[in-house]
Amino acid sequence: MVEWTDFERATIVDIFSKMQYEVVGPAALARCLIVYPWTQRYFGNFGNLYNAAAISGNPMVAKHGTTILHGLDRAVKNMDDIKSTYAELSVLHSEKLHVDPDNFKLLSDCLTIVVAAQLGKEFTGKVQAAFQKFLAVVVSSLGRQYH
Ligand code: HEM
């Protein structure tokens, strides 16, 4: 079981309570699709992902980026049991969507960069450490049901 300090718990709750899901989610997913173009293969039904401008302006990318953040919200609310919280979502990504689990880390790094840009000076090393620990647990939990 993952242990969280009071600081880590407070930091994660604070970051998500201030976060505009419909801004940060789309920006993080768009960045992932731009920086790691092979991740586009999973979104063949999303229409035009032809270049960075098209990806950033694509309403399906925006909608799905927001969905992902709502998915993360479930981990924030269940910090002591992230693995079972994500059991079903892990099965979905592995068995139905066939998403290579390495991509979870790529998306989480893009999310860190977007959050860092939004928080500016508030995103201290300690805050980053807490945020990345949280995302590492999310990434590992989402990868749990892969065989
Ligand atoms: C669907 C969460 C990472 C590809 C979903 C859904 C959620 C979610 C909540 C909707 C599930 C449903 O409809 O029941 C997350 C979280 C991630 C993550 C929390 C990591 C932080 C990724 C990555 C990829 C990916 C890295 C691919 C590169 C997909 C696809 C769908 C999906 C293709 C179905 C989209 C559709 O057609 O509507 N994800 N996801 N996910 N996810 Fe993820």
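The values are calculated or read from the model by the stated rules, or taken from the named source; none is laboratory data. Because the structure is a prediction, the values reported are computed rather than measured. With ideal geometry, Cβ positions are generated from the backbone for all residues, glycine too; neighbour counts draw on all protein chains shown.
Could you tell me how many of the residues in the stretch 34-48 are surrounded by 10 or more Cβ atoms within 10 Å (Cβ to Cβ) and part of a helix (DSSP H, G or I)?
The number of residues fulfilling the criteria is 10.
For the stretch 49-147, please list each of the helices (runs of 4 or more DSSP H) lying entirely inside it that holds at least 3 residues being polar (S, T, N, Q) and surrounded by 15 or more Cβ atoms within 10 Å (Cβ to Cβ).
Ranges flagged: 102-119, 125-142.
Residues checked against (1) under 13 Å from the mean Cα position of the chain (by Cα); (2) on the phi > 0 side of the Ramachandran plot; (3) within 13 Å of the ligand (Cβ to nearest atom); (4) in contact (Cβ under 8 Å) with a residue 60 or more places away in the chain:
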{"residue": "13", "(1), (2), (3), (4)": "no, no, no, yes"}
{"residue": "28", "(1), (2), (3), (4)": "yes, no, yes, yes"}
{"residue": "44", "(1), (2), (3), (4)": "no, no, yes, no"}
{"residue": "66", "(1), (2), (3), (4)": "yes, no, yes, no"}
{"residue": "71", "(1), (2), (3), (4)": "yes, no, yes, no"}
{"residue": "74", "(1), (2), (3), (4)": "yes, no, yes, no"}
{"residue": "103", "(1), (2), (3), (4)": "yes, no, yes, yes"}
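Somewhere in the stretch 115-135, is a residue without any contact (Cβ under 8 Å) to a residue 40 or more places away in the chain, farther than 23 Å from residue 3 by Cβ and under 12 Å from the mean Cα position of the chain (by Cα)?
Looking for residues that are without any contact (Cβ under 8 Å) to a residue 40 or more places away in the chain, farther than 23 Å from residue 3 by Cβ and under 12 Å from the mean Cα position of the chain (by Cα), one finds none in the stretch 115-135, hence no.
Kindly establish whether residue 31 is at pLDDT 95 or above and within 19 Å of residue 140 (Cβ to Cβ).
No, not satisfied.
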